[in-house]
Structures are given as C-alpha cells and as structure tokens.
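Undergrad: I'd like to ask you about the structure that follows.
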Amino acid sequence: MKKKTPLSHEYIMLQYSDYLLNHGERPKNVFLFAKENKFEEKEFYHYFAGFEQLENEMLKHFFEKSLELVESGTQCVSAKEKLLNVYFVFFENLTMNRSVVLQIVGETKWQHLKVLDGLRIRFSAFVNSLAFPEPEIMKNAGQRMQEMNEKSRLGLLWLHLLSVLEFWKRDISPDFEKTDLFIEKTIDTGFELLENEPLRKLVDLGKFLWKEKFKVV
C-alpha cells in the first residue's frame, strides 16, 4: 500500500501548480481540489485561507528559496553583489516555474496584483537587511531624514523589482538573456548614483532603455 504523502505548504503548492499546468485555470473550489489530492477540505485551511492566498505564498516561496540559496553560498559580499545574486537566482527560479507564474499573474499589471503582497513584504525585509553605501550628506543627517531616505530607497527598489518582473514577463530572448542584462544595467546604475558617478551610467542606461523601449524584440 502506497504511503500517503504528509500535507505541508510545499506539497499543496506543488499539487496546485500541477493542477494549473494541466487545466490552465484554478480548481473550481477547495473541496474538489482536496478530494482530487486525497485529503480533507478542512486540512487545506490549516495552511491557506483560499487559492488567492496560496498563490500569494507561492511567489513569496520562490523568493525565499532564492534568498536561502544565495545566503548559503556567499560570505561578506557588498549590498550590490548580494542584490544582484538574489535577482539572478530569483529570476532563474521564476523561469523554472514560468508557466505557473504566468498562469497566476496573467496579463494584469504587476502593481495591481494582491498576489504580490507576500513577495513585497519578504523583499522589503531583505532590502532592509542590506548595508547600502550612504552619501556623505546622509551620514550627517538627522534620524528622521535617514528614515525618509530608507523608505524612499525601499519604495524605489520595489518599483524596480516590478519593472524587472514586467520585463521578464514579456521577454522572448533566448534564456531570457535580455532580462539578465536589464537587471545588471539597472542595478549597476542605481549603485553608481549612490557612489557619485551618475551621468555616464544614466546615459548608458538611457540608450539601452530607448533601444528596447521596454519591448522585447
């Protein structure tokens, strides 16, 4: 007799992913989904309130696994290096699950999706853990000004992640190499702004964005 697989967050997410890939839509309801996977409906609610929360947790899960992988293999790297590493691993992870991710988000603009709430919270915690280089003027600023600076940086980085997600969603280049280039150029430019060499990098970035026009061709 085949041993029943214990229920867990990851097991339910895996079965849900398989359902999306095989049917191209959400299950009709939790009862039918649970019945198909041979567990009770009430057991589902031990882990998730519904399919929307499950999808929310899936995207956060991809980021957390990416972060764990980066943190297990890097020591004493700069904020820029760690951010790049996490972005590259995260988008590699998304690519490995691309059909499921696109099924979850559809054609809707990222910034309007509640399904990103869990990812946003986890990403924000990660950003707040990084030691960013600070301009000299901020080193001498008061606490309130420093807090405003940190909040602005967090908001900008979240918008940046959304822009990369949108770019990746429409990328049709082999191995999504244009997404990798987009990540590298935009993060490099952001840190150059912090390190007082903005003009050359902004011109370079502007040329790249103008050429692409945010359309992958």
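The values are calculated or read from the model by the stated rules, or taken from the named source; none is laboratory data. What you are looking at is a predicted structure, and each value in this text was computed from that prediction instead of being measured. Note that each Cβ is placed from the backbone with ideal geometry, even for glycine, and that neighbours are counted across all protein chains shown. Side chains are part of the model used for accessible areas, which takes the heavy atoms of the whole protein and leaves out ligands, DNA and RNA. Shrake-Rupley method; radii C 1.70, N 1.55, O 1.52, S 1.80 Å.
Undergrad: Among (1) closer than 28 Å to residue 121 by Cα; (2) touching a residue at least 12 places away in the same chain (Cβ under 8 Å), which single condition is residue 38 missing?
TA: (1)
Undergrad: May I pose another question? Picking from 35, 28, which residue would you name as being within 15 Å of residue 11 (Cα to Cα) and open to solvent by 60 Å² or more (accessible area, probe 1.4 Å)?
TA: It is 35.
Undergrad: Any residue in the stretch 44-58 that's surrounded by fewer than 16 Cβ atoms within 10 Å (Cβ to Cβ): show its pairings with residues that are part of a helix (DSSP H, G or I) at Cβ separation under 8 Å, as long as the two are six or more apart or on different chains.
TA: Between residues of the stretch 44-58 that are surrounded by fewer than 16 Cβ atoms within 10 Å (Cβ to Cβ) and residues that are part of a helix (DSSP H, G or I), the close pairs are 45/30; 50/30; 52/114; 52/115.
Undergrad: Of the conditions (1) open to solvent by less than 50 Å² (accessible area, probe 1.4 Å); (2) within 22 Å of residue 182 (Cα to Cα); (3) modelled with pLDDT under 85, residue 111 fails just one. Which one is it?
TA: (1)
Undergrad: Now for a different question. Which of the residues belonging to the stretch 154-176 are over 17 Å from the mean Cα position of the chain (by Cα) and either at pLDDT below 90 or open to solvent by 40 Å² or more (accessible area, probe 1.4 Å) (or both)?
TA: 172, 174, 175 - these are the residues of the stretch 154-176 that are over 17 Å from the mean Cα position of the chain (by Cα) and either at pLDDT below 90 or open to solvent by 40 Å² or more (accessible area, probe 1.4 Å) (or both).
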